[in-house]
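Here the structure comes first, spelled out in structure tokens, and everything after it is commentary.
Please treat every number below as a calculation from the coordinates, not as lab data. Predicted model, so just to flag it, every value in this text is computed and none were measured. No Cβ is skipped: glycine too gets one built from the backbone with ideal geometry, and neighbour counts run over all protein chains shown.
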Amino acid sequence: MLVLKGAADEPRTRSGGRRGAFRVGEWQPSFSALTRPLAASVLYPVAATILGPAEIAYWAQSHPLFAWAGIVPPVLVPRPSSRRYPRPRGERSESSVSP
């Protein structure tokens, strides 16, 4: 179960507390980087997600939360990337060598 928390001095809403305010849209939660993957999986469930190296690192940190919340986590797929390096000067390709 997720618990909605706020400041102790936060005024009560007319909807009967934070949960009531959340239900009617008066209170909007703010998710931290650690809980954002969990919230995204609840709001937009997917089988897999394509992520870069930094994203995979912080999703991996939140992985235990999925079991705690009873949610099946998506498969993390590394984003494909490549880099083209220029040929060093003076090096000739085989196609440019004449007999």
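Using the reciprocal of the averaged 1/r over all distinct C-alpha pairs, how large is the Kirkwood radius of the range 32-80 in Å?
Details: mean 1/r = 0.0927 Å⁻¹.
Its Kirkwood hydrodynamic radius stands at 10.8 Å.
Taking 0.36 nm per residue of sequence separation and subtracting the Cα-Cα distance, how much length would be gained by fully extending the chain between Leu34 and Ala54, in nm to one decimal? Numbers along the way, then the final one.
Numbers: separation 20, 0.36 × 20 = 7.20 nm, distance 1.28 nm.
Going from the current span to full extension adds 5.9 nm.
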Review point. Between Ser81 and Val42, what is the spin-label point distance in nm, taking each point 7 Å from the Cα along the Cα→C-beta axis?
Key: 3.1
